[in-house]
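This report concerns only the one structure given below.
The values are calculated or read from the model by the stated rules, or taken from the named source; none is laboratory data. This structure is a prediction, so every number in the text was calculated from the model and none was measured. We place every Cβ from the backbone using ideal geometry, glycine too, and count neighbours over all the protein chains shown. Just the protein is used for accessible areas: all its heavy atoms, side chains included, with ligands, DNA and RNA removed. Shrake-Rupley method; radii C 1.70, N 1.55, O 1.52, S 1.80 Å.
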Amino acid sequence: KVLDASTLSFSTRVKWFAICFIAGVVCSILGTALLWLPKGIKLFAVFYTLGNIAALASTCFLMGPLKQLKTMFEPKRLIATVVMLVNIL
């Protein structure tokens, strides 16, 4: 149903999913690599957080943002979601 209501084609959704997911992985790895520099903890925090947000946003292209939020806040996933969001903040 999400695909019917969206103006993005399936191939566009898959391309943007891949772009966001790869960007998220690259940011996370870069953040980990920067950890060893002076003031690396701040750089790690910024890049790792951006990487996690990009990876989360990538799945919005496949399933849609509302369905993703509903899935994340299901009772069996609620604790994990809250812990992850608190750690991102």
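For this structure, a couple of remarks:
- Test set (1) open to solvent by less than 40 Å² (accessible area, probe 1.4 Å); (2) without any contact (Cβ under 8 Å) to a residue 24 or more places away in the chain - Ser9 fails condition number: (1)
- Residue that is nearest to Lys15 (Cα to Cα) [pool: residues in the stretch 64-76 that are under 13 Å from the mean Cα position of the chain (by Cα) and aliphatic (A, V, I, L, M)]: Leu69
- Hey, Phe17 touching a helix residue (DSSP H, G or I) at 6+ places or on another chain (Cβ under 6 Å), of a type outside the set (D, E, K, R) and modelled with pLDDT of 90 or more or not: yes
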